[in-house]
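Worksheet for the structure shown next.
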Amino acid sequence: MKLKKMLKATAIAAVASFAMGTAYAADLVVGLGSEPSSIDPHYHNLTPNNAMSANIFSRLIEQDAKQALLPGLATEWKAIDELTWEFKLRKGVKFHDGSPFTADDVIFTWMRAPDVPNSPSSFATFTKGKTMTKIDDYTVQIKTEKPYPLMPQDVSNVAIISKKAAEGATTADFNSGKATVGTGPFKFVKWVPGDVIELVKNENYWGEVPEWDKVTVKPIKSGPGRVAALLAGDVDFIENVPPTDIERLKGNSKLQLSQGISNRVIYLHMDQFREDSPHVTAKDGSKIKNPLMDARVRKALSMAISRDLIVERVMEGVAVPAGQLLPDGFFGVSANMPPEKYDPAGAKKLLAEAGYPDGFKITLHGPNDRYINDAKIAEAVSQMLSAAGIEATPETMPKSVYFKRASRGAEGGLPEFSFVLVGWGSGTGEASSPLRSLLHTYDKSKGFGSSNRGRFSNAKFDAMVEEALTTVDAKKREDLLIKATELGIGELQGIIPLHYQVNTWAARKGIAYTARTDERTQINLIHSSK
């Protein structure tokens, strides 16, 4: 307890000193709602993993709080012809072990990132179909088969690792720290899953050196538990403030909050590739042909869900009803797709037209520690579906188990579940990211459909997305993304969007954080108030 008080006193002194114009370092204790499933930055393309990775590893191109691109380990980049991009690398950068950063590390990273064994959601989305070549120690070029305007955005999603430290390394080697050698603002010390992650300042960081000497990260799965820890002074900063606590914390003079809308859509994926789907039966339990293969049934499910009630009752008003993949203001958003109108009678009628007048039974699987109120959302959706005659049962589990089973838990490495609650944040800040990852036909060799757990597939839709990804003209590309969204969701109901998250961070007075649209809690961006 004495040590804890000393650390607190040091932190307070640092805040006071900063206000006087002199910054002194201090320790910081952070409470995370969702810890990463691995420290390996290429194992799982998932926000908690990518957020933690950004503290330890750098990227060639970084993203600011609104996902605008910034120089990272590349100081400049440009397209030198229709099929070739060139990146000039930052000189004088050292990895945490003191070894120099060069083009060899970038090439090694590009080869490893898409092929990490057992990845639940790989980084192939960003690397497939692109060939990287070393020009000299500080210049690399990437060639594509077709013109590709999103190259900088893709590059900004791949963490650069050390060839010297990681050659031959497994995901377990990253988790133990053996291979966890980056160029980021913090050095990795240790990870005890479910208990603690420790980081220390990288004094030789190429960017702005963080003000915190040591950071202790505590995973606190329970929202009320995180709030209690903050109020008790056990942690200095928390993410994912539960909606029910926001107004109360706003009124606490010892705390300060930051809040902003996310690029993350919470949605439902449906099995559309198996006639015998494992978690769908008739009301009497007998086998039936998978009804989710019929677009009318998928549309009926969407009509039976009240987004307004979810936002009002489950999310305490801290969310925005969704009709597509991204909220207003992002690139590629259609003006013609408001949230589906709640219409349980219309849903019953549509189910009858599709041959299911008595409905059916189904299990809705989801995580219970990944998204804001995820388990409560699964329960609410299941209850709403009963009004349309569908007997739905929610079944939730920790994300460490859920994503593996949802992605490849069935025989042959196929998705296990029939009906799943998931979320997706756009890594590129535009609609191309979810369109190619969630709805394009699954094709591991090309990096398409990497998280298409319902295996939605439509040739016309695929062609639109692929054309958008090779269209340099921004207006034409945006039109194609809008048309693809209107076809894939509006007409074919490949997925069912529910709502966009609004995220809230809270800290003790004197600590500030700018809300990010990508939801990341990046510890080097936590500052003493200035």
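The values are calculated or read from the model by the stated rules, or taken from the named source; none is laboratory data. Please read these numbers as outputs of a predicted model, since none were measured by experiment. Quick reminder, even Gly has a Cβ in these numbers, built from the backbone with ideal geometry, and neighbours come from all protein chains shown. SASA here: full protein model, heavy atoms, side chains in, ligands and nucleic acids out. Shrake-Rupley method; radii C 1.70, N 1.55, O 1.52, S 1.80 Å.
General remarks:
- Where R436 falls short, out of the listed (1) within 21 Å of D328 (Cβ to Cβ); (2) of a type in the set (D, E, K, R); (3) open to solvent by less than 40 Å² (accessible area, probe 1.4 Å): (1)
- If you go through segment 160-186 and pick out every residue that is touching a Pro at 6+ places or on another chain (Cβ under 7 Å) and more than 11 Å from P41 (Cα to Cα), you end up with 2.
- Pairs where the first residue, in segment 273-285, is under 19 Å from A352 (Cα atoms) and the second is among the aromatic types (F, W, Y) and part of a loop (DSSP other than H, G, I, E, B), C-beta under 7 Å, 6+ apart: V280/F360; T281/F360; A282/F360; K283/F360
- Here R248 does not qualify as charged (D, E, K, R) and open to solvent by less than 40 Å² (accessible area, probe 1.4 Å).
- Residue within segment 313-326 that is in a helix (DSSP H, G or I) and either under 26 Å from the mean Cα position of the chain (by Cα) or surrounded by fewer than 19 Cβ atoms within 10 Å (Cβ to Cβ) (or both) present: yes
- Across segment 328-352, the number of residues qualifying as under 19 Å from L421 (Cβ atoms) and either at pLDDT below 95 or not in a helix (DSSP H, G or I) (or both) comes to 3.
- No other residue among P114, P48 is in a helix (DSSP H, G or I), out of contact with any helix residue (DSSP H, G or I) (no Cβ under 6 Å at 6 or more places or on another chain) and modelled with pLDDT under 95 apart from P48.
- Residues (in contact with a helix residue (DSSP H, G or I) (Cβ under 6 Å, 6 or more places away or on another chain), crowded, with 16+ Cβ neighbours inside 10 Å and not charged (D, E, K, R)) located in segment 333-353: S334, M337, P339, P344, A347, L350, L351
- Looking across segment 177-211, just one residue is buried (at least 22 other Cβ atoms within 10 Å of the Cβ), at pLDDT 95 or above and either farther than 23 Å from S37 by Cα or acidic (D, E) (or both), and that is N202.
- Qualifying position, being touching a residue at least 12 places away in the same chain (Cβ under 8 Å), of a type in the set (A, V, I, L, M) and surrounded by fewer than 22 Cβ atoms within 10 Å (Cβ to Cβ), among A295, A304: A295
- The single condition among (1) surrounded by fewer than 16 Cβ atoms within 10 Å (Cβ to Cβ); (2) touching a helix residue (DSSP H, G or I) at 6+ places or on another chain (Cβ under 9 Å); (3) at pLDDT 95 or above that T170 does not satisfy is (2).
- In this structure, Y402 qualifies as farther than 23 Å from A345 by Cβ, open to solvent by less than 10 Å² (accessible area, probe 1.4 Å) and of a type outside the set (K, R).
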